[in-house]
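Every read-out reported here was derived from the displayed coordinates using simple, explicitly stated rules and does not represent laboratory data. Just so it is clear, the model here is predicted, and its values are computed rather than measured. Positions of Cβ are backbone-derived with ideal geometry, glycine not excepted, and every protein chain shown enters the neighbour counts.
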Amino acid sequence: MTHTLLLVACLAQTAELDGAVTAFDRKAGGFCGSVLVAVNGKVLLEKGYGPADAAAGKPIGADALWDWASVSKQFTAAAALRLQDQKKLRLDDPISKFYRDAPADKAKVTIRQLLNHTSGIQAGFRNDWEFDARDRGSFEKMLLRVPMESRPGEKWEYSNSTYALVAAIVERVSGRSFEDFCVEELFKPAGMKDATFIGRDGLPLARVPKIARGAGFDGRRRDFAFAYGNTLSWGYRGCGGAVATTRDMLAWDRALRGDKVLSKSAKEQLYAPALKDYALGWFVSKTAGGVRVEHGGGVEGVVTQYIRLLDEDIVVALACSYEPDEHPQRLAEELIRIARKR
């Protein structure tokens, strides 16, 4: 195929991808958010849709910054694996190595089990848990004393609190804040130029779209940009709160295909599923085209979806500033179908 025909085909594919996004959730007012689709590292679609600030008439740009919510869990897992590559911990270390006062029922829980949701520790966060979310120690003491729900490794139960505990362990081992460690050891080496965390210095809040299709949070301060506020607490750190563009998420994909942030052995563990096909911050499945890894996220007013086809080298990253009538998983599947046309 000549260069001209390839260009025409690429433009047609981009137009088809764009059409799929504009057709999505039309009855509810259409898609409002950011979308990136790439094949073999080449961007086919990178675009914002709808208003970032309805009152100001400001549209969502391709460089919009999003709280990726639970998609952030993969960064927590990668941080632990980075420390393992640096020989500062092992994922099969029991938490009693870091918490000498861990009670007997939790002493043998491993970091790996915290990350694959099989620790047996009571999942949370729960309304009746009492701790100071500003203080790591207060959170750690609370989680170590709550009842176990099953024996370690026995049962899968999705948990935000165990990811927060891994973030706490990352701080203990590295001697740095969790956010600083991730930015310096993961985001920068990966080439994620804008990636950061809620509350970190330099975060340009003007690039964070307002929820509810640009209307913003109801009854809160005008500068309120995120579901849990503009600072990161121990009720969200480690299980959410990573802020990035869709282009950053492509950079993350490319970095994980090489050795910029994790060794080959670390990546094998990152994608190794345990119960319920959950690995370390990823749901993993086998398709006709090979291995597929993915995660979604959602907090008040924001829904995210991130899918990577490892063997076919297709990436879909999308985030929206409202709660769609149709789950964006359906849109992501349609974008993948179109991206496969090559």
Partner aspartates and glutamates whose C-alpha sits under 18 Å from that of residue 106, ignoring same-chain residues fewer than 8 away, are 92, 93, 140, 149, 154, 157
With a 22 Å threshold on alpha-carbon distance, the violating pairs from 276/341; 73/267; 87/141; 42/260 are 276/341; 87/141
Labelled set (1) 20.1, 68; (2) 22.1, 93; (3) 19.1, 59; Rg and Dmax of the Cα atoms in Å computed from this model equals the value at (1)
For residue 24, other-chain or 5+-apart residues with amide H closer than 5 Å (H placed, Pro excluded) are 31
Between the Cα axis of helix 328-339 and the main Cα principal axis of the chain, the angle (0 to 90°, nearest 10) is 50 degrees
Rounded to the nearest 0.05, FRET efficiency between residue 85 and residue 157 (Cβ-Cβ, R0 35 Å) equals 0.80
Each label sits 7 Å from Cα toward the beta-carbon; between residue 275 and residue 127 the label points are separated, in nm, by 2.7 nm
When 14, 196 are arranged by how many other beta-carbons sit within 10 Å of their Cβ, fewest first, they go 14, 196
Descending packing, highest mean Cβ count within 10 Å first, for 206-213, 126-133, 333-340, 160-167 is 160-167, 206-213, 333-340, 126-133
Helix 73-85 sits off the longest principal axis of the Cα atoms of the chain, rounded to the nearest 10 on a 0 to 90 degree scale, by 60 degrees
Expected vector for region 55-66, Karplus 3J(HN,Hα) from phi with 6.51, -1.76, 1.60 and θ = phi - 60°, integer Hz, x for Gly and Pro, equals 5, 8, x, 9, x, 6, x, 5, 9, 4, 9, 10
Rounded to the nearest 10 degrees, the helix 136-145 long axis (Cα) sits at an angle to the longest Cα principal axis of the chain of 70 degrees
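Could the peptides 169-180, 62-73 be put in order, highest first, of the mean number of other beta-carbon atoms found within 10 Å of their residues? Working shown, then result.
Values: 169-180: 18.3, 62-73: 23.6.
Packing order, densest peptide first, comes out as 62-73, 169-180.
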